[in-house]
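Rule-based calculations on the coordinates, nothing more; no lab input. This is a predicted model, so every value here is computed, not measured. Glycine gets a Cβ as well: all are built from the backbone with ideal geometry, and neighbour counts include every protein chain shown.
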């Protein structure tokens with residue numbers, strides 16, 4: 001759906017006059033120059049860039065290490081005592097990898113875009129959030145008084161196991177919030193729901209024997225094949241009850257390792273499985289059901305042992321289409337100069353924890369295209385999209401809290 005313009009008030013236009021495209025782009029570039037690859041635990045350099053920008057604007061900055069050199073940042077623009085607006089992002093990026101035509105950590109500009117690892121996912125979104133908050137700090141000069149604070153939360157380890165957001169939600173924010181906007185790259189569409197993600201590892205133990213007498217052993221690889229059949233069947237069943245917004249949960253067996261040698265009945269096998277989650281699904285309950293299905297199929301009897309472990313879980317969420325956060329985001333984007341739409345996302349993000357564990361209505365809205373640009377060589381984002389995102393975040397805050 002396309003949003004209808006509310007049209008800018010003179011006061012809103014005054015606030016937005018403090019947002020400049022080159023300012024957002026240069027902050028993005030500064031963060032790209034502070035590599036924060038995950039795995040690696042090197043987010044501290046990027047967080048320091050953010051912290052300097054936030055402190056220079058007079059925001060209260062709280063930095064907390066959740067692991068060595070892996071700090072979460074919470075920067076708060078104080079305002080009224082009412083519910084505020086949370087802007088959420090993460091400081092880590094995936095490894096640069098091969099295939100780049102330039103140095104991924106020396107950002108450069110060409111054809112209205114900025115290139116470098118993390119420009120899209122998601123240092124551009126973080127920069128847009130900071131510049132929006134800087135503009136909002138001038139709101140009172142234009143007669144706008146916000147009823148609650150605007151807070152940037154930047155977590156570590158989003159690309160792997162979510163250490164940062166898990167720590168953040170267990171500590172509970174000091175303020176209440178009317179909504180949370182995750183600045184992940186949605187190509188400036190309003191995403192009101194995301195599937196979650198989980199990783200399951202299945203360890204299978206059989207009994208080795210000479211391959212000339214396979215009946216003397218118990219093949220862990222054959223047991224793994226039977227488990228994969230169970231997973232394939234459940235994947236097909238899930239697809240038969242697809243949700244209009246988010247589709248359905250899915251299974252993918254991503255890795256398999258096993259066996260000792262061609263002439264030996266395989267004594268061990270390991271499966272690495274991705275299970276995408278619908279809102280409300282719990283990975284541990286899914287693992288329990290998989291164990292039950294394995295046992296009911298007699299796969300784990302007669303000398304075969306099976307262990308199922310959940311190694312990562314990121315919850316899904318869905319915010320109602322008629323929620324004020326959704327309609328406000330749409331009008332903000334339109335009045336920031338962008339047509340937009342409302343939909344769901346097959347990807348997962350930290351917003352699921354904020355929605356589930358803190359009960360804060362959540363959407364995802366940010367510059368860059370996750371499918372076309374993120375996690376790829378020559379990652380880039382349009383500078384015009386960075387500016388539009390900053391303008392939309394500022395307008396959303398004014399209209400939710402003004």
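Tabulated data for the structure shown
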| item | result |
| --- | --- |
| Nearest-0.05 FRET efficiency for residue 339 and residue 45, computed from C-beta distance (R0 22 Å) | 0.05 |
| Estimated [θ] at 222 nm from DSSP helical runs (n ≥ 4, -39500 (n - 2.57)) normalised by residues in the chain, nearest 500 | -10000 deg cm²/dmol |
| Within a Gaussian network of the chain (alpha carbon springs, distance under 10 Å), most fluctuating of 306, 190, 264 | 264 |
| Cα gyration tensor category, rounded, prolate or oblate, for the stretch 93-160 with a/c compared to 1.5 | oblate |
| Burial order of peptide ranges 377-390, 332-345, 232-245 (average beta-carbon count within 10 Å, highest first) | 377-390, 332-345, 232-245 |
| Packing-based order for 138-149, 44-55, using average beta carbon neighbours within 10 Å, highest first | 44-55, 138-149 |
| Mean separation of Cα contacts under 8 Å, 6 or more apart, over the residue count of the stretch 85-175: relative contact order % | 41 |
| Distance between modelled label sites at residue 309 and residue 372, nm, 7 Å Cα→Cβ extension | 4.1 |
| C-alpha center-to-center spacing [the stretch 325-360, the stretch 75-153] in angstrom | 15 |
| Cut-off 17 Å (backbone N to label point 7 Å along Cα→Cβ of residue 216), residues of the stretch 251-265 | 260-265 |
| Modelled FRET efficiency - R0 51 Å, residue 67 with residue 13, Cβ distances, 0.05 increments | 0.70 |
| Listed residues 119, 301, 268, most fluctuating in the chain (Gaussian network, C-alpha, under 10 Å) | 301 |
| Distance (nanometres) between label positions extended 7 Å along Cα→Cβ at residue 226 and residue 323 | 4.4 |
| Of 173, 35, 361, the one that fluctuates the most in a GNM where the chain has Cα springs shorter than 10 Å | 173 |
| Gain upon complete extension [residue 141, residue 55; 0.36 nm per residue less C-alpha separation] | 28.9 nm |
| Potential lengthening between residue 357 and residue 237 on full extension [0.36 nm per residue; Cα-Cα distance subtracted] | 40.3 nm |
| Relative contact order (%) - the chain, alpha-carbon pairs under 8 angstrom, separation at least six | 26 |
| Antiparallel DSSP beta bridges within the chain, as percent of all bridges there, nearest 5 | 75 |
| FRET efficiency, residue 248 to residue 101 (Cβ-Cβ, R0 41 Å, nearest 0.05) | 0.60 |
| Stretch gain in nm, segment residue 274-residue 302, where the contour uses 0.36 nm per residue and the Cα spacing is subtracted | 7.3 nm |
